[in-house]
Structures are given as structure tokens and as C-alpha cells.
Amino acid sequence: MMTLEKFEEASELVRKVTNPTKLVYSEYLSEETGGKIYLKPENMQHTGAYKIRGAYYKISTLTEEEKAKGLITASAGNHAQGVAYAAKLFGCKATIVMPTVTPLIKVNRTKNLGADVVLYGDVYDDACNRAYELAEEHGYTFVHPFDDLEVATGQGSIAMEIVQELPTVDYIIVPVGGGGLVAGVSTLAKMLNPKIKVIGVEPSEAASMKAALKAGEPVTLPSANTIADGTAVKRVGSLTFEYAKKNVDQILTVDDDELIGAFLDMVENHKMVVENSGLLSVAALRQLDLKGKKAVCILSGGNMDVITMASIVQHGLIQRDRIFSVSVLLPDKPGELVRVAKTIADAQGNVIKLEHNQFVSTNRNAAVELRVTMEAFGTEHKHQILEALENNGFRPKLVTTKLY
């Protein structure tokens, strides 16, 4: 069982291996919601995520014989690094099975921590099944990423730190994948103060906890297709589900598009890189009435490769009308391009790409196409630029923006 005594023990132990992630007050999110919003930046841990807590505490409870057999686990990346790092500290061999779609940064960091990495399957569940097979074959000790009460107890140490730093917290908002984090945090939070509301947040396309609560038991989703790869779990843990069912007040879901916007908010307003799964708590804020309340969003991880980051930023800018494209038809004669550019400049737009197509019409004197991709301050400014182009006779047509 997860007991207060074990939570206290875990909280003391994990201090040896965790960075102090003090709460960060978010003026931006507080203004947006009308509450007082704080961030728990677990993305700043040595391994880039909270997972070191559960991994280290779990391994500390193993016998010398269990550790000597070697450890194995399955992970989409963050638990992998947690186990690899903790195993190195305990002097254990570690093998990690990761989905083939795991971001390269997570694979390389896991290898750099001394673990052997096996890539298998498309999602965590595939990798987990393979890890069980290897554990049976080689006699390894399995360290489950979420369906393990010692692991969940280690993750729950986050709640201890939150309540110690902000005793009057009203809400703790937690990303949900397999359920270990939300089970640990909610159980300890309710022990410390039953009035604290714990909200779990899942990706809409991988809402395995919501499905489990509806069914009354864990169920397997047909797929878990989301950009929040760290929480792309088709089935929550059976052990941790019982604790989540008892202690979690509400489960919310967010779409991938909302995570893209949350990424931009975090980078621009807090200068922090948080991976998509870690942003679930922030993306869900607008679904809650937090006026006059104190809420803590757990940022569960920050392991995102640069290519994914670049893609998220581009999509976010387009999504928020900070970048957009228009097509205008012009007579093929000198000076027309200058007129378009001047109209945009006078409206304070910034051209970042031009495409000139002379073959849109058989009569070039009648029309050639000019596609302009430009920056704006947002939706209102975008409409001002479109209006300026219209007033100058260009009849702009919005087209799909492509930045490549």
C-alpha cells in the first residue's frame, strides 16, 4: 500500500538525486485564468523529467539479489532515463525497451547514462510487452514505469514538496499517461489535505484513464496517437488505477492543437522548454474555473528534440495567425510586386517568403500569381493587413502556409 510513512521515506530519499524544483509563479497564466497559477518545473530535473523520483525509490527497495540480476523496463523516454540514471548510481545493469518512434534525444540520453537500449514497437504498450519477454528470457528484474506502488510513491514526493512550499494550494493539475504520477500525487495530497483538488489531464487521443474510470476498470484503447508521446499509453496500470479512482477529483482531456499553443506560451512567457506531455496541465487551465484559487501545474518533463521543437513552433505561429500566406493575382508588369510589398510594409507586416508563378494563366498580361508568406502580431493584425491589400485592389486570398 501507499502509506504516509512510505511517502515520507521516499521524499527524503529522492532529495539525494533530484534538483530542487521550486514553484514558479506565472503572472501570464494568472492573468489568463483569474487565479494564482504556479508551475512545478520537473522539466528541470537532471534527467529532464520527474521519473527519476519513482525509479530511484523503487530501486532502493530492491534486494541485492534483485539488483544483481540486472534491471529492465519499457518507456517512451523519461522513465528510461530515470531508471538508467538510478541504476548507474546503484551500480546495476539496465536494459530499456523503447518504442521505435521515441525522439532521438531521449534514446541518446538513455544510452549516455549507461543503459542498453532496445527499440521495439510503435507505442509504449508494444515496448512493454517486449520488455516482459526479455525479463522472462534473461531473468531481469522488471521496474514498471507506472503500475508499481513503490514507483508511484516516489512520484508522489512531488505533492509533498508542493504542499510544503504552498500549504494553501487549492488545485494540483497533473499530466496522466499510465497513472503512476497522478496516483502518487493525488494519494499523498489527500493525506496531507483532503480539501486539495487533484485534476488529471490526458491527451484526447490517448485518454486511457478517462476510459478506465467510465468502465470501472482499466481498458485497452485501440490506439494512442498523439504528439504527447510521453503519455501515449493505451492502458493505465491496474494497481495505480485503484488509487486514482479514489483520489483524483476530475480527468480532463486536451487536443494536440492546444498543446502547441501551450508550448508557445511557455517558451515566450517563461523561457522554458517543456515537452508536449508536460504541457497537458497548462493546456487544461482554460477548462477550469480558477478565479480566486491557487493552482499548481506540474510540468512533468522537458525532453524534446530540436526538430520536434522547430515543428511545434512553426505550427503554433501559424495556428495563432502570427504567420500566414496570401495569394494575389497581378498583371505581369514592372512595379506590381513593389506595390504589394509597400502595402504590407505600411500595414507593419513583415514578408518572409515570396513565390512568383507566371503560369497560373495563359494570359500573363492579365494575371500572374504572387504568394506572400508574412509575419503578423496576431489575428487582429492579420485582418488589418488583408484589409489594406483589399483596399489597394489586390483581392488577397488566404492559402495554406508552407514554411519549407
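The values are calculated or read from the model by the stated rules, or taken from the named source; none is laboratory data. From a predicted model like this one, the values you see are computed outputs, not experimental measurements. We place every Cβ from the backbone using ideal geometry, glycine too, and count neighbours over all the protein chains shown. Quick note on the areas: whole protein, heavy atoms, side chains included, nothing else; ligands and nucleic acids left out. Shrake-Rupley method; radii C 1.70, N 1.55, O 1.52, S 1.80 Å.
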>> Solvent-accessible area of D289, probe 1.4 Å, all protein chains present, reported in Å² to the nearest ten, please.
In response: 110
>> For a test of the definition: using alpha carbon positions, the gyration tensor, and the 1.5 limit on a/c, classify the range 55-95 as rounded, prolate or oblate.
In response: prolate
> Which percent, to the nearest 5, of DSSP beta bridges fully inside the range 15-117 are antiparallel?
Replying inline: 35
> Kirkwood hydrodynamic radius of the range 256-404 from all distinct Cα pairs, in Å?
Replying inline: 17.6
>> Taking R0 as 22 Å, what FRET efficiency do you get between T61 and S238 from their Cβ-Cβ distance, rounded to the nearest 0.05?
In response: 0.65
>> Highest mean first, how do 220-232, 99-111 rank when packing is the count of other Cβ atoms within 10 Å averaged over residues?
In response: 220-232, 99-111
> If amide H atoms are built 1.01 Å from N in the plane of the peptide, which residues on other chains or at least 5 residues away come under 5 Å of the amide H of T253?
Replying inline: E202
> Between rounded, prolate and oblate, where does the range 95-239 land on the alpha carbon gyration tensor, with a ≥ b ≥ c its root eigenvalues, rounded for a/c under 1.5, else prolate if a/b exceeds b/c?
Replying inline: prolate
> Which distance in nm do the two modelled labels at E133 and N269 give, with both placed 7 Å along the Cα-to-Cβ direction?
Replying inline: 4.6
> So how do R395, R235 rank on accessible area, 1.4 Å probe, biggest first, that is with the largest at the start?
Replying inline: R395, R235
>> Just to be sure I understand, if you calculate Cα Rg over 2.2 N^0.38 Å for this structure, which of (1) 1.08; (2) 1.15; (3) 1.02 do you get?
In response: (2)
>> If each DSSP helix of 4+ residues adds -39,500 (n - 2.57) and the sum is divided by the residues in the chain, what number results at 222 nm, nearest 500 deg cm²/dmol?
In response: -13000 deg cm²/dmol
> Got the relative contact order for the range 242-307 handy, in percent, Cα pairs under 8 Å and 6 or more residues apart?
Replying inline: 32
> How would you rank 65-72, 125-132, highest first, on the average number of other Cβ atoms within 10 Å across their residues?
Replying inline: 125-132, 65-72
> Percent of accessible area on the chain owned by carbon and sulfur, 1.4 Å probe?
Replying inline: 50
> Given T100, V118, L89, which one lies farthest toward the positive end of the charge dipole of the range 62-196, if we put +1 on the Cβ of every Lys and Arg and -1 on the Cβ of every Asp and Glu?
Replying inline: L89
> Hey, got the dipole for the chain? About the Cα centre, +1 on K and R Cβ, -1 on D and E Cβ, debye to the nearest 20?
Replying inline: 560
> What length, rounded to one decimal in nm, is gained on full extension from E390 through to L23, with 0.36 nm per residue of separation minus their alpha-carbon distance?
Replying inline: 127.2 nm
> Considering only DSSP beta bridges whose two residues both sit in the chain, what percent are antiparallel, to the nearest 5?
Replying inline: 45
> What are the lysines whose alpha-carbon lies under 19 Å from the alpha-carbon of K106, with same-chain residues fewer than 8 places away excluded?
Replying inline: K51, K88, K93
>> On a 1.4 Å probe surface of the protein chains, which of Y50, Y28 comes out largest in accessible area, and what is the full order?
In response: Y28, Y50
> Stretch A68-L337 to full length: gain in nm at 0.36 nm per residue minus the Cα-Cα span?
Replying inline: 89.6 nm
>> Need one word for the range 161-229: rounded, prolate or oblate. Basis is the Cα gyration tensor (sqrt eigenvalues a ≥ b ≥ c); a/c below 1.5 gives rounded, then a/b vs b/c decides.
In response: prolate
>> Given R₀ = 30 Å, what would the calculated FRET efficiency be for R286 paired with R15, taking r from the Cβ atoms and rounding to 0.05?
In response: 0.30
